[in-house]
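These notes are about the structure you will find just below.
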Amino acid sequence: MKLVRPKKNLGQHFLIDLSIAKRIADTVDACPDLPVLEVGPGMGVLTQYLIEKPRPVKVVEIDSESVEYLHANYPQLSDNILGEDFLRMDLNKVFDGKQFVLTGNYPYDISSQIFFKMLDNKDLIPCCTGMIQREVAQRMASEPGTKAYGILSVLIQAWYNVEYLFTVDENVFNPPPKVKSAVIRMTRNETTDLGCDEKLFKQVVKTTFNQRRKMLRVSLRQIFAGKPTTDDFFARDIMTKRPEQLTIAQFVDLTNQIEEQLKLSNNG
């Protein structure tokens, strides 16, 4: 069967370096014994190494041409090739509610959405590995006080330990992307409860980083939407900081302070 044509609208860049494909496949070994779900297998460059491992493997692919290619070239996978959109899937149904490792050479334009879906299913996905745009990988792994530290860093690191494993050059893809790539691994940390309202935590993180150059006392006002606050609330020391200066623990503490203030405002 002829090779699959990379489609621009799906952000397809097929990896053609087999040694790198094997290195990516081997990142799942840090989480042994769990089945694997690969997102966007394309022509199976990563899949061929994953199916050698002694564990169940399923692949999810939105491109019908790739699905046809996989059926023709990986007959042993036939019942485990899911021709679906990963972002719309019910992940509880993939392995009958059992935990699994998520991996793939992720499409750049939806990689953040993939990781937000991972967060929504964090109890199902104790480990996630794969290749993404280097800039996104740097953001995910960055520490407070750095330029790359942002929404993805805080929301992911609240629940996962992030390892930036290695960088991948443009010339090992067809077609070559305009940016470098990186391989990462995320493993669930010990956190089972953030210690604050999780929905409000996300709102605080997104609101402050959307105005990252402003002090918190400016960006946080929109959460209150004109509601009165106690005199000292915006005068607290933390309010002179910018979001990239805050650790995850400080964001949790800030969320609790905001929740308390919102209750006072609503009761007032």
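With a cut-off of 12 Å between beta carbons, the residues surrounding Q257 carry a summed charge of -4, where Lys and Arg count +1 and Asp and Glu -1. For the pair L262 and T230, label points projected 7 Å from Cα toward Cβ lie 1.7 nm apart. In this label model, L18 and V179 are separated by 3.0 nm, measuring between points 7 Å along each Cα→Cβ vector. Per atom type, segment 151-268 shows carbon and sulfur on 45% of its accessible surface, probed at 1.4 Å. Between S78 and A249, the FRET efficiency estimated from the beta carbon spacing at R0 = 45 angstrom works out to 0.40.
Annotation: the chain has a Kirkwood hydrodynamic radius of 20.1 angstrom, from the mean reciprocal C-alpha pair distance. Using alpha carbons only, how many angstrom separate the centre of segment 110-134 from the centre of segment 224-240? Each part reduced to its Cα centre gives a spacing of 35 Å. With θ taken as phi - 60° and the Karplus curve 6.51 cos²θ - 1.76 cosθ + 1.60 applied, the whole-hertz 3J(HN,Hα) list for segment 99-116 is 5, 8, 9, 9, 8, x, 9, 6, x, 4, 6, 10, 4, 4, 5, 4, 6, 5 Hz, x standing for glycine and proline.
Rounded to the nearest 0.05, what FRET efficiency do T167 and R217 have when you use their Cβ-Cβ distance and R0 = 35 Å? Don't skip to the end; give the middle numbers.
Working: r = 39 Å, r/R0 = 1.10.
Efficiency, from the Cβ-Cβ distance: 0.35.
For segment 76-164, the percent of C-alpha pairs falling in each 5 Å distance bin, counted from 0 to the bin holding the largest distance, reads 3, 12, 23, 25, 18, 10, 5, 2, 1, 0.
State in Å² the accessible area per residue of segment 71-230; use a 1.4 Å probe, count heavy atoms of protein chains only, and round to the nearest integer.
49
When DSSP beta bridges are restricted to pairs lying wholly in the chain, around 55% turn out antiparallel.
Taking label positions 7 Å along the Cα-Cβ direction at both D120 and R88, the computed distance is 1.3 nm, reported to one decimal.
Quick one: length gained pulling T191 to K241 fully straight, 0.36 nm per residue minus the C-alpha distance?
15.4 nm
Unpaired Cys in the chain, meaning no second Cys C-beta under 4.7 Å: C128, C196.
With the Kirkwood sum run over all distinct C-alpha pairs, segment 12-141 has a hydrodynamic radius of 14.7 Å.
Each of R23, R242 has its accessible area taken with a 1.4 Å probe; listed largest first, they run R23, R242. Our note on the geometry: Cα centres of segment 1-65 and segment 171-218, 24 Å apart.
Cross-link check: pairs K8/K180; K93/K202; K206/K227 evaluated at a Cα-Cα cut-off of 23 Å; pairs beyond the cut-off: K93/K202.
The values are calculated or read from the model by the stated rules, or taken from the named source; none is laboratory data. All values reported here derive from a predicted model rather than from experimental measurement. Heads up, the Cβs are rebuilt from the backbone with ideal geometry, glycines too, and the neighbour counts pull from every protein chain shown. Each accessible area value is taken on the protein alone, full model and side chains, heavy atoms only, with ligands, DNA and RNA left out. Shrake-Rupley method; radii C 1.70, N 1.55, O 1.52, S 1.80 Å.
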